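Working notes, beginning with the structure itself.
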Amino acid sequence: MGRGFKGAGLIIIAIIVVLGIMLASSYNGFVTAEENVDQSYAQIENQLQRRLDLIPNLVNTVKGYAAHEKETITAISDARARLAGARSPEEEATANAELSGALSRLLVVVENYPNLKADAQFRQLMDELAGTENRIAVARKDYNDEVAVYNKKVKRFPGAIVAAVTGFDQKEYFRADPRSQEAPNVDFGGGE
C-alpha cells in the first residue's frame, strides 16, 4: 500500500509541476505581449512628437506669408497643445484628428499663396510632415496589431484565467476620432 500511495503522490507532484510550468509560460507570454504593445505605443508617441516638433516651424513659415490667417494658425497651436497633453490612446486619437483637421485647413490657406508654395523651407517642411504622417499611420497599424494579439491572449482560454488572476486587462486600440471622417470647413470670407 505504501508503494501505491507513493506513486500517486509522485503523479500529483508531476501534475502540479506541469501546471506550474504551463502557468509560468502563459504569464511570460502575457508579459512579452504587453511589452510589445507598450513598445508599439511608444513608436506612435515618437512619431507624434516628431510631428509636434515640425509644426511650429511650418506655422512660422506660413505666418510670414499669411499673417492675416490667424484663426487657422491658432487652431493648429491649440490642437498641438491638446495632442502634447493627451494621456491615453483615445485622447491622442482625438487630439490627432483635431490637429489633422487644422493642418488640412492650413493647406487650403497655403493654396492662396503661390510664393509660399514655392518657398524651399516650406516645401522641405511639408515633405518632412508628409513622411511623418506616413510613419504615424504605420505606427498606429503596428500598435493595433500588437493590441489585437494581446487582447486575444487575454480573452482566450486558458489565458483568460491567467489574465484574470494576474491582472492583465485588455488594451485600448488607437482609433480615429469619428469627426476625422468629416471634411474640414474652410471659409475665406469671399461669400456674400
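The values are calculated or read from the model by the stated rules, or taken from the named source; none is laboratory data. Being a predicted model, the structure only gives us computed values, none of them experimental. Backbone-built Cβ (ideal geometry, glycine too); neighbour counts: all protein chains shown. Quick note on the areas: whole protein, heavy atoms, side chains included, nothing else; ligands and nucleic acids left out. Shrake-Rupley method; radii C 1.70, N 1.55, O 1.52, S 1.80 Å.
Residues of the range 109-119 that are in contact (Cβ under 8 Å) with a residue 12 or more places away in the chain, assigned to a helix (DSSP H, G or I) and open to solvent by 30 Å² or more (accessible area, probe 1.4 Å): N115 alone.
Table: residues versus (1) in a helix (DSSP H, G or I); (2) in contact (Cβ under 8 Å) with a residue 40 or more places away in the chain; (3) among the β-branched types (V, I, T).
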{"position": "L107", "(1), (2), (3)": "yes, no, no"}
{"position": "L125", "(1), (2), (3)": "yes, yes, no"}
{"position": "L129", "(1), (2), (3)": "yes, yes, no"}
{"position": "T132", "(1), (2), (3)": "yes, yes, yes"}
{"position": "N151", "(1), (2), (3)": "yes, no, no"}
{"position": "V154", "(1), (2), (3)": "yes, yes, yes"}
{"position": "A163", "(1), (2), (3)": "yes, yes, no"}
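Checking each residue in the range 25-44 for being closer than 24 Å to A81 by Cα and either exposed (fewer than 15 other Cβ atoms within 10 Å of the Cβ) or over 18 Å from the mean Cα position of the chain (by Cα) (or both) picks out D38, Q39, A42. In the range 60-72, is there at least one residue being at pLDDT 85 or above, surrounded by 12 or more Cβ atoms within 10 Å (Cβ to Cβ) and acidic (D, E)? No; the residues of the range 60-72 include none that is at pLDDT 85 or above, surrounded by 12 or more Cβ atoms within 10 Å (Cβ to Cβ) and acidic (D, E). Annotation for the range 156-170: no member residue is at pLDDT 80 or above, closer than 27 Å to I73 by Cβ and among the hydroxyl-bearing types (S, T, Y). With respect to the stated conditions, E98 fails to be part of a helix (DSSP H, G or I), closer than 30 Å to A163 by Cα and not aromatic (F, W, Y). Criterion first (within 23 Å of N134 (Cα to Cα), in contact (Cβ under 8 Å) with a residue 12 or more places away in the chain, assigned to a helix (DSSP H, G or I) and among the hydroxyl-bearing types (S, T, Y)) does Y41 satisfy it? Spelling it out, Y41 is indeed within 23 Å of N134 (Cα to Cα), in contact (Cβ under 8 Å) with a residue 12 or more places away in the chain, assigned to a helix (DSSP H, G or I) and among the hydroxyl-bearing types (S, T, Y).
Considering the conditions (1) in contact (Cβ under 8 Å) with a residue 40 or more places away in the chain; (2) under 30 Å from D142 (Cα atoms), V62 is excluded by exactly one of them, (2).
If you go through the range 78-92 one residue at a time, do you hit one that is within 25 Å of A137 (Cα to Cα), touching a residue at least 60 places away in the same chain (Cβ under 8 Å) and surrounded by fewer than 15 Cβ atoms within 10 Å (Cβ to Cβ)? Yes. Would you confirm, using the coordinates I've provided, whether E133 is open to solvent by 40 Å² or more (accessible area, probe 1.4 Å) and at pLDDT 80 or above? For E133, the condition - open to solvent by 40 Å² or more (accessible area, probe 1.4 Å) and at pLDDT 80 or above - is met. Quick check on A97: is it over 30 Å from F168 (Cα atoms), surrounded by 18 or more Cβ atoms within 10 Å (Cβ to Cβ) and not polar (S, T, N, Q)? Spelling it out, it is not the case that A97 is over 30 Å from F168 (Cα atoms), surrounded by 18 or more Cβ atoms within 10 Å (Cβ to Cβ) and not polar (S, T, N, Q).
Y173 meets all of the listed conditions (1) of a type outside the set (K, R); (2) surrounded by fewer than 14 Cβ atoms within 10 Å (Cβ to Cβ); (3) in contact (Cβ under 8 Å) with a residue 60 or more places away in the chain; (4) not in a helix (DSSP H, G or I) but one, namely (2). Just one of (1) assigned to a loop (DSSP other than H, G, I, E, B); (2) touching a Gly at 6+ places or on another chain (Cβ under 9 Å) fails for A79. It is (1).
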